[in-house]
Amino acid sequence: MTQTDNNAARQFIKAIPHSRRLGMEVEELGNGKAVISMPYDKALIGDPVTKVIHGGAVSALMDTAGGAAVVAHPLAGLGTATLDLRIDYMRSATPGQTITATAECYHVTRSVAFVRATACDADTARPVATATGAFTVMKGSS
Amino acid sequence: MKRSEPVIQVKRRRDLALSVIVNQVPYIDFLGVSFDRHGNQLTSTMAFHDDLIGNPMLPALHGGATAAFLEVTAIIGLAWASLWGEIEGESLDIEAVQTGVLALPKTIDFTVDYLRPGLPRDAYARARVNRSGRRYASVHVEAWQDNRDRLFAQASGHFLMPQRDG
């Protein structure tokens, strides 16, 4: 992926309405890797007792990071859709802290891109969640 | 449930319990998800709005919005199913629940299959609790849009049940 492509991919991700609504920011992008952050927001609370963010919002972050990693892969085109996504929740994210997902597209075929991702809050030694997913590769990509 | 209980009272009790479970979660409102109840069967609706779009070119729903919708439906469906006995036995202390002491199941893992693109219109989902033990539960969820027979996504996940009496 060239620098121009990289900027195109970055713009592409910034233009996703649902990711924007969740306040996501592209921190790093290129060579099949994407780092995307999502700030804490009270509107995203899933557990009223502990004020922990809903797993669904973490899923949306993982899905965005996964798709971004595919788009940032040199062999995939500028566009993808999720085929499947599995998320394991290791612990509750600490309320008030930004969650950052790092996704890596580790294999691409003519039709499918394979991704793994990890999400952390401020305590980066203990991941909040991990994910694995398969994404579509657009026809016509090299 | 008492056989002689008037139907209006039965519905009011069930609907109040459901609204207490749903309204305590800010994220459900954020997504624009609501629940319809027929007896003990819940159907959730994610009303379409532009902020749910993931691909503006098609346009199609964001995979993350779809995953979140399915997970919300699974958690509420599981909480509802596990409270149903108490709601019907009138042993559920609604006032205690209203003050926010109702703990919800926690997701252990969740796997989503995307079967076709999510169209820019309302989506519906139903959860089925396949196994519900004291500590763990397994739930399957199906989502569709125009046609109930053409699912656009399905998911299954495992959940840790809240320990309500210590």
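Rule-based calculations on the coordinates, nothing more; no lab input. Model, not experiment: these values are computed from the prediction. Virtual Cβ from ideal backbone geometry, glycine too; neighbours counted across all protein chains shown.
Table for the structure above
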quantity	calculated
Between helix B:63-88 and chain B: long-axis angle, C-alpha atoms, 0 to 90°, nearest 10	10 degrees
Whole-angstrom gap from the stretch B:136-166 to the stretch A:95-142, using each part's C-alpha centre	23 Å
Backbone N under 16 Å from the residue B:51 label point (7 Å along Cα→Cβ), restricted to the stretch A:52-90	A:54, A:56-58, A:60-61
Within a Gaussian network of chain B (alpha carbon springs, distance under 10 Å), most fluctuating of B:107, B:73, B:45	B:107
Rotationally averaged projected area of the stretch A:3-136 (alpha carbon convex hull; nm²)	7.4 nm²
Reachable aspartates and glutamates from residue A:42, criterion Cα separation under 15 angstrom, eight or more residues apart if same chain	B:29
Test item: A:37-47 mean partner chain Cβ contacts at 10 Å	4
In sequence order, calculated HN-Hα J values of the stretch B:143-160 (Karplus, 6.51, -1.76, 1.60; Hz; x Gly/Pro)	10, 9, 10, 6, 10, 4, 7, 10, 5, 9, 7, 9, 8, 9, x, 10, 9, 9
Interchain or long-range residues, amide H under 5 Å from residue B:48's placed H	B:122, B:123
3J(HN,Hα) from dihedral phi, the stretch B:17-26, Karplus parametrisation 6.51/-1.76/1.60, rounded to Hz, x for glycine, proline	4, 5, 5, 5, 4, 6, 5, 7, 9, x
Mean separation of Cα contacts under 8 Å, 6 or more apart, over the residue count of the stretch A:31-142: relative contact order %	31 percent
Dipole of the stretch A:10-57, positive direction: furthest Cα of A:26, A:13, A:54, with charges on the beta-carbon	A:13
Other protein chain Cβ atoms within 10 Å, averaged over every residue that makes up B:152-158	2
Under Karplus coefficients 6.51, -1.76 and 1.60, residue-wise ³J(HN,Hα) of the stretch A:124-135 in Hz, glycine/proline x	6, 7, 10, x, 7, 7, 10, 9, 10, x, 10, 10
Spatial extent of the stretch B:18-166: Rg and Dmax, with the Cα atoms as the point set, Å	15.6, 52
Computed helical MRE - 222 nm, chain B, DSSP H runs ≥ 4 contributing -39500 (n - 2.57), nearest 500	-10000 deg cm²/dmol
Average beta carbon contacts from partner chains per residue of A:22-28, 10 Å cutoff	1
Rel. contact order, % - alpha carbon contacts under 8 angstrom, at least six apart, chain B	22 percent
Where Rh is the Kirkwood radius over Cα pairs, Rg/Rh for the protein assembly as shown	1.00
